[in-house]
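The values are calculated or read from the model by the stated rules, or taken from the named source; none is laboratory data. None of the values given here were measured: they were computed from a predicted structure. Counting neighbours? That spans all protein chains shown, and the Cβs are built from the backbone with ideal geometry, glycine included. Please note that ligands, DNA and RNA were not included when accessible areas were found on the heavy atoms of the full protein model with its side chains. Shrake-Rupley method; radii C 1.70, N 1.55, O 1.52, S 1.80 Å.
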Amino acid sequence: MIRASLAALPVLFLAGAALAGHADEGHAVARQVVDNPYGLDALWAQGDFVSKGTLIILALMSMASWYILVVKLIEQSRLMRHAKAAAAGFWKAASVADGARALAEDSPFRFVASAGMEAAQHHEGALTEKIDLNTWVTMSIQRAVGEIVSELQGGLAVLATVGSTAPFVGLFGTVWGIYHALTAIGIAGQAAIDKVAGPVGEALIMTAFGLAVAVPAVLGYNLLVRRNKLAAEKVRAFAADLHAVLLAGSSGGGNLRVVR
């Protein structure tokens, strides 16, 4: 019995050590969940109007860039669907007017077709008669295509601006935080970690926010530019085919009516 008790002592010692280790880990975890006095909440609560203003500007820039990115992706997807509809049904119609009427009212391809038919049908006036029909139809179709491309490019300037300026806005917040750290050192007379941890943490948070705002804006800008190029090519290809059909007289003469 005594031998069994003595043999169990090492086991009990190891178990106690393990329990003590788990207890220490529990205390460490408990210490980790304590609120960080140098985190984002502390930055907002203790920051001055410059720090809060910088955070608000970065937040507005981020919301604007994400809003534009989502809206433009939806617009591009809608245009791609209209392109498929135009390729599937427009060229099978008996006339340009019938093909345009079969398209959706908000379709940019219907807008281009209407512009081309109107130019081919209404080529009168003392000044416009001096321009041959080929040039007049070409100019009208190109104007319609230009309007569509301009709408596709809307909002890209905001993404480019956010992507190029957000890092510098964050850098301004960084410089302001370093200024606060140097001020704290000067007031305390020594570079104590508790005096400079807050301002330095504020500076690092501002840098991270600037990069977090700029990177999605730059990536979104490049994505939208590439998709805009594909969409514009589809519109221009449709306009070129429409121009050839109008000049060849395949619209059916009297069937060449402006679609509203």
Checklist outcome for this item: For L103, the lone unmet condition from (1) touching a Lys or Arg at 6+ places or on another chain (Cβ under 6 Å); (2) surrounded by fewer than 21 Cβ atoms within 10 Å (Cβ to Cβ); (3) not aromatic (F, W, Y) is (2)
Checklist entry - Looking at (1) at pLDDT 80 or above; (2) over 30 Å from W91 (Cβ atoms); (3) open to solvent by less than 60 Å² (accessible area, probe 1.4 Å); (4) of a type outside the set (A, V, I, L, M), can you tell me which one T183 breaks? => result (1)
Next on the checklist: I'm trying to understand the selection: among the residues of segment 68-88, which are touching a residue at least 24 places away in the same chain (Cβ under 8 Å) and more than 14 Å from R110 (Cα to Cα)?
Outcome noted: I68, L69, V71, K72, L73, E75, Q76
Item to check | Selected residue (criterion: modelled with the lowest pLDDT) from residues of segment 168-180 that are surrounded by 15 or more Cβ atoms within 10 Å (Cβ to Cβ) and not hydrophobic (A, V, I, L, M, F, W, C) | outcome: H180
Checklist entry - Out of segment 60-91, which residues are open to solvent by 50 Å² or more (accessible area, probe 1.4 Å) and closer than 18 Å to P167 by Cβ? => result L60, M63, W66
Checklist entry - Exactly one of (1) at pLDDT 85 or above; (2) under 12 Å from V112 (Cα atoms) is unmet by Y221. Its number? => result (2)
Checklist entry - Are any of the residues in segment 80-88 farther than 30 Å from V175 by Cα, at pLDDT 85 or above and touching a His at 6+ places or on another chain (Cβ under 9 Å)? => result no
Checklist outcome for this item: Y38 fails exactly one of (1) farther than 30 Å from L224 by Cα; (2) at pLDDT 60 or above; (3) surrounded by 16 or more Cβ atoms within 10 Å (Cβ to Cβ), namely (2)
Item to check | The lone exception for Q153 - which of (1) open to solvent by 70 Å² or more (accessible area, probe 1.4 Å); (2) touching a residue at least 24 places away in the same chain (Cβ under 8 Å); (3) under 16 Å from L211 (Cα atoms) it fails | outcome: (3)
